[in-house]
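Everything on this sheet refers to the single structure shown next.
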Ligand SMILES: C[S@@+](CC[C@H](N)C(=O)[O-])C[C@H]1O[C@@H](n2cnc3c(N)ncnc32)[C@H](O)[C@@H]1O
C-alpha cells in the first residue's frame, strides 16, 4: 500500500539468510536495506516478514531531538495510554544516557498516561544517519513461530521461514494477487500465505499428502484451500506460482517431470518463484521464463536455489 506517510523498518537476519532477506526486500520495497534499516513509503505489516523486527510510522523526521520536542509542544499530541522506547539500530547508536533522556523528554511532552503495562500506543524514537525520528512503533508479533510445530510434516517440507519469504516474493506483498502452489505438499506455503491474509490456493497430486495438508490447515484454523489434483490439469490463471520443485532424492521425479512442471507453471502464472536443490536455469529458460532475480541459501552443506521469474 502507498500513502504519503513514510515508514522506517528495522531489519535483522542471520548471516546465512542475508541473500534471502535482500531478495525479499527487493520484491517488497524495490530496494535493499542499508545497515539493516529501510525507509519507504510502502506500508507493510512487520509481522508478515521474518526479517522485519520493527516498523516505525514516522511522525517527525528532524535534524535534532530538540526540534522534535519543540514540534511536540506546538502540536499537543494526545495519547491515552502510551509508552516511548528508543529503537536501537545497527549503526550510529547513541549512549544509554542519551537514549533514556530522549524517551523521557518525548514522554514529558505527550498529553496522556504514560504506562509500561499494555500501552495502547508505543512511540519509537531513534537517530539514523544523523537525523532524529519519532513515530508510532509496531513490533513483529512473531506469532508465525507457532507454525514451526505442525501436526504433519516431511523431511522435504519447506521451513516456515523459507515458505513465508516465498509467499512475500511471489505476491510482492499485495494481498489482491492470486497465488498458486501447484505442488503444495503438506501446505507449508498455504499455512503462511493464508495466515498473512494472501489469496493463495494449493494443488497436490498425492492423496495421502493432501489429507495431511488438510490436517495442518485445520490445525491452524485456516480455510482448506487445497485440492487433490495433477497440476497439469489446472485451467485457471494466476498472478504468481510458487514451485518447490520435486526432486529425485525424495521421489521418482525425472528431469522431464521437472521440465513439465516448470512448463505448466509458465502456462498458468505470470510470475514464478521457484525453489530447488539444483541449478535449473536451463529448464526455466526453456519454459519461456525470464529470470529476474535470484538468491542462494546455504546452511552448512545444505544449499537451496531460489529464482524469481516472469
Ligand atoms: C518438494 S515437494 C513439496 C513440498 C512442500 N513445499 C511442503 O513444504 O510440504 C513436491 C510435491 O509435489 C507433488 N507433486 C509432484 N508432481 C505433481 C503434480 N503433477 N501435480 C501436483 N503435485 C505434484 C509431490 O507429491 C510432492 O508432495
Practice prompt. Look at residue 53 and say whether it is in a strand (DSSP E or B), under 14 Å from the mean Cα position of the chain (by Cα) and either on the phi > 0 side of the Ramachandran plot or in contact (Cβ under 8 Å) with a residue 40 or more places away in the chain (or both).
Written response: yes
Item to complete: May I ask you to list the residues in segment 222-258 that are under 21 Å from the mean Cα position of the chain (by Cα) and either more than 12 Å from the ligand (Cβ to nearest atom) or farther than 18 Å from residue 273 by Cβ (or both)?
Response: 222, 223, 225, 238, 239, 240
Worksheet item: When residues of segment 5-37 are filtered for being under 14 Å from the mean Cα position of the chain (by Cα), in a strand (DSSP E or B) and within 27 Å of residue 291 (Cα to Cα), how many remain?
Response: 1
Discussion item. Based on this model, can you work out whether residue 41 counts as in a strand (DSSP E or B), surrounded by fewer than 19 Cβ atoms within 10 Å (Cβ to Cβ), modelled with pLDDT of 95 or more and in the same structural domain as residue 120 (by TED's automatic domain parsing)?
Written reply: yes
Practice prompt. Would you check which residues across segment 162-192 are more than 10 Å from the ligand (Cβ to nearest atom) and either at pLDDT below 95 or at positive phi (or both) and list them?
Written response: 172, 173
Discussion item. As an exercise: evaluate residue 159 against (1) more than 30 Å from residue 106 (Cα to Cα); (2) surrounded by 19 or more Cβ atoms within 10 Å (Cβ to Cβ) and give the number of the one condition it does not meet.
Written reply: (2)
Worksheet item: Take the residues of segment 133-156 that are over 15 Å from the mean Cα position of the chain (by Cα) and buried (at least 19 other Cβ atoms within 10 Å of the Cβ): which is nearest to the ligand (Cβ to nearest atom)?
Response: 150
Worksheet item: Is at least one residue of segment 266-279 over 26 Å from the mean Cα position of the chain (by Cα) and either at pLDDT 95 or above or away from the ligand (no atom under 13 Å from the Cβ) (or both)?
Response: yes
Fill in: Residue count for segment 28-38, restricted to those that are within 16 Å of residue 165 (Cα to Cα) and either free of Cβ contacts under 8 Å to residues at least 12 places away in the same chain or surrounded by fewer than 21 Cβ atoms within 10 Å (Cβ to Cβ) (or both)
4
Practice prompt. Give segment 108-134 a look and list any residue that's within 20 Å of residue 67 (Cα to Cα) and touching a strand residue (DSSP E or B) at 6+ places or on another chain (Cβ under 7 Å), or say none.
Written response: 110, 111, 123, 124, 125, 126, 128, 131, 132, 133, 134
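The values are calculated or read from the model by the stated rules, or taken from the named source; none is laboratory data. These numbers come from a predicted model, not from an experiment. Please note: Cβ atoms are built from the backbone with ideal geometry, for glycine as well, and neighbour counts cover all protein chains shown.
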